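Remarks on the structure that follows.
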Amino acid sequence: MIIEENILLSDFTTMRLGGSAKYFTRVSSQEDLFAALEFAKSKGVPYFILGGGSNTIVSDSGFSGLVIKVESSKTEILNNDTTSGLVTISVDAGVPWNEFVKFAITNGYSGIECLSGIPGTVGATPIQNVGAYGQDVSETILSLVAVHPNGETKIFSKEECGFSYRNSKFKSGELKDWIIISVVFQLSAKNPIHIKYPELQKAWELRMSDSSGKPENRMIELQELSETVLSLRRKKSMVIDPNDPDSLSVGSFFTNPILNSSQLQDFLEKLQRLNLNFPTLFLEPVGRTKISAAWLIENAGFIKGYTVEGIGISKAHSLALVNRGGTTSGLLSFMNRIISEVESKFGIHLEREPILLA
């Protein structure tokens, strides 16, 4: 394990903002991880676990502790039941998420194809229950292995992770101190490929009408569906691309609010008074309703492409805040302005999705 000093963290985040880490190290094994944690303890400094940097904002002053970049890389098929078609796969936390998606698709395994193009690493996906286009990682996670700074290693079942919309106990619950080192997924080599998200369904039907029809080969069908997802994401600048300045973001900056029945009624009444058309509503379990954060932002007066002091809203998607030569303090100021305007107009508080490292 090599400890570096004063490493600029903007080079390791998709937002390309922020200062330096006092200490920085890369780990590819559990032994290295524990050694890094021991180093932080010996120096009396905090530590931060960094994956792909696609959901992290770094303060302009940087981080006074140790940044531990996880780079473990093993993917292993634990069980392949040819009768049921269920395939159990263990994936190290440092494996890039999209590389694992490609691995699954190439082998004809379904369950995560709608999550194509999402940046970051496998170990980060359970923390906020990453999801897109009708799929959440929690749907295919069986368990995960995590370690505690006190030296304990434990296997957590799916139920113990406490998954909910863009959340888990590792993000905002009693498991925040645990560090995920590998995740066990269960995918399928036989289950019918099902599209649940209306926007994706429409794009898929259009793609099929422009071709010779639905592919007969399962792997090709998954590849085609993945390409359809990537096409949608590219149109929204949600695929990291050095040639696309609007991709210098953390993707969706805010989570979509979920309202209970009383909050929904208040919101609908506000829309009537404001003479605004109702946005698309997405029904959630136990009588709750999800609404679009992008719609709220746009209708609070923030148009696509709007920029102030080097920080702006993507020209392609209202939910992405983009670095156009600004600073983290400018980003947070703009974020707070959006939150304030949305709450003032609609009575709904937007929640920031990325982690702030300060």
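Brief remarks on what is shown
- Excluding same-chain neighbours fewer than eight residues apart, the aspartates and glutamates reachable from K345 by a Cα-Cα span under 17 Å are D266, E269, E298.
- Pairs of Lys in segment 75-235 closer than 26 Å at Cα, counting only those 8 or more apart or on different chains: 21
- Among the DSSP helices (H) of the chain, those spanning at least 15 angstrom by Cα along their long axis with an average Kyte-Doolittle hydropathy of -1.0 or more are 30-43, 198-209, 218-235, 261-274, 328-346; this is a geometric and hydropathy rule only.
- For G347, the shell of other residues with beta-carbons less than 14 Å away shows a net charge of -1, using +1 for Lys and Arg and -1 for Asp and Glu.
- Full extension of the chain between K214 and D60 yields a length gain of 50.4 nm, computed as 0.36 nm times the residue separation minus the alpha carbon distance.
- Distance from the C-alpha centroid of segment 241-305 to that of segment 101-175: 25 Å, rounded to the whole angstrom.
- In percent, rounded to a whole number, the relative contact order of the chain is 16, using alpha-carbon pairs under 8 Å and six or more apart.
- Unit Cα scatterers, Debye sum, the chain: log10 I(q)/I(0) for q = 0.07, 0.09, 0.11 Å⁻¹: -0.32, -0.54, -0.81
- Per DSSP, loop GluC sites (Glu not before Pro) in segment 136-192 with at most 14 further Cβ within 10 Å: E152, E174
- Cβ crowding within 10 Å, taken as a proxy for footprinting-reagent exposure, orders W204, W97 from fewest neighbours to most as W204, W97.
- Total charge dipole magnitude, the chain, about the Cα centre, Cβ charges on Lys, Arg, Asp, Glu only, Debye to nearest 20: 660 debye
Computed from the coordinates by the stated procedures, all read-outs in this text should not be read as laboratory data. Here the structure is a predicted model, which is why all the values come from computation and not from measurement. Neighbour counts are summed over all protein chains in view; Cβ atoms, including those assigned to glycine, are modelled from backbone coordinates with ideal geometry.
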